[in-house]
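K.L.:
I have a structure here, written as structure tokens, and I will follow up with some questions on it.
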Amino acid sequence: MAGSRGAEMAEWLTGITFNTGMGWVGMLGSTQGVLVITLPQPSQQQARGLLGDRVSCAPASPHLFDGLVERLKGFLGGSRVDFPDRLDLSGATPLQRMVWEATRLIPCGKTRSYAWVAGQVNKPRAARAVGQALGRNPLPIIIPCHRVIRGDGSLGGFSNGLEVKERHLHLENPAFELLPHSQVREAASYSSISPSPAKLK
């Protein structure tokens, strides 16, 4: 039974690991779209390990989702690229799906707040839940959770570390700067009277 289940998974899962110059990235896809991607890791083994048990049932495919590998390399090299790829979000909760889809609307080089994303999914009081959903993002870079920061201008959280989050923001916008600590405190004092974020134009 276990063997047939593995064979069945192998029919619809495909995977790849590749060196970006900044580290090894692992990726899984299905017939529905891109399923999982890792951020750069020091070794190929570590990248494969982050993909989980499913990678053992996924045959390697050097042609996984045409052009995506080169675009990811381009992003990590500082090029401005788009990721219009089909995604497999079948494992997401309804809220996670809405949060991730709203996050994909944030333009390259721009940032939005957790509260903005909460407004996009019609849950204006759910900024904390938005942060939790982004923390479970299986497709970093493609779903650009690094573009979501706190309303006071500070980075907020990032499951792969704040240094990585800031690096990605700088790759997209070399002029990006965090607010000085004094300005963060000042911005926070006005956050309760700030207008609701407008819909993305």
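K.L.:
Find how much the distance from E177 to E101 grows on full extension, using 0.36 nm per residue of separation minus their present alpha carbon separation; answer in nm with one decimal.
P.N.:
Answer, rounded to one decimal: 24.8 nm.
K.L.:
Based on other C-beta atoms within 10 Å, arrange C145, C108 from fewest to most.
P.N.:
C108, C145
K.L.:
Based on other C-beta atoms within 10 Å, arrange W24, W100, W12 from fewest to most.
P.N.:
W12, W24, W100
K.L.:
If you stretched the chain out fully between Q46 and Q132, how much longer would it get, using 0.36 nm times the residue separation minus the C-alpha to C-alpha distance? Show your work: numbers first, answer last.
P.N.:
Values: separation 86, 0.36 × 86 = 30.96 nm, distance 2.44 nm.
Extending this stretch completely gives an extra 28.5 nm.
K.L.:
Once label points are set 7 Å from the Cα along Cα→Cβ at both T93 and M22, what is their separation, rounded to one decimal in nm?
P.N.:
Going by the 7 Å Cα→Cβ label model, 3.0 nm.
Rule-based calculations on the coordinates, nothing more; no lab input. Because the structure is predicted, anything quoted here is derived from the model rather than measured. Cβ coordinates were reconstructed from backbone atoms using ideal geometry, including for glycine residues, and neighbour counts include every protein chain displayed.
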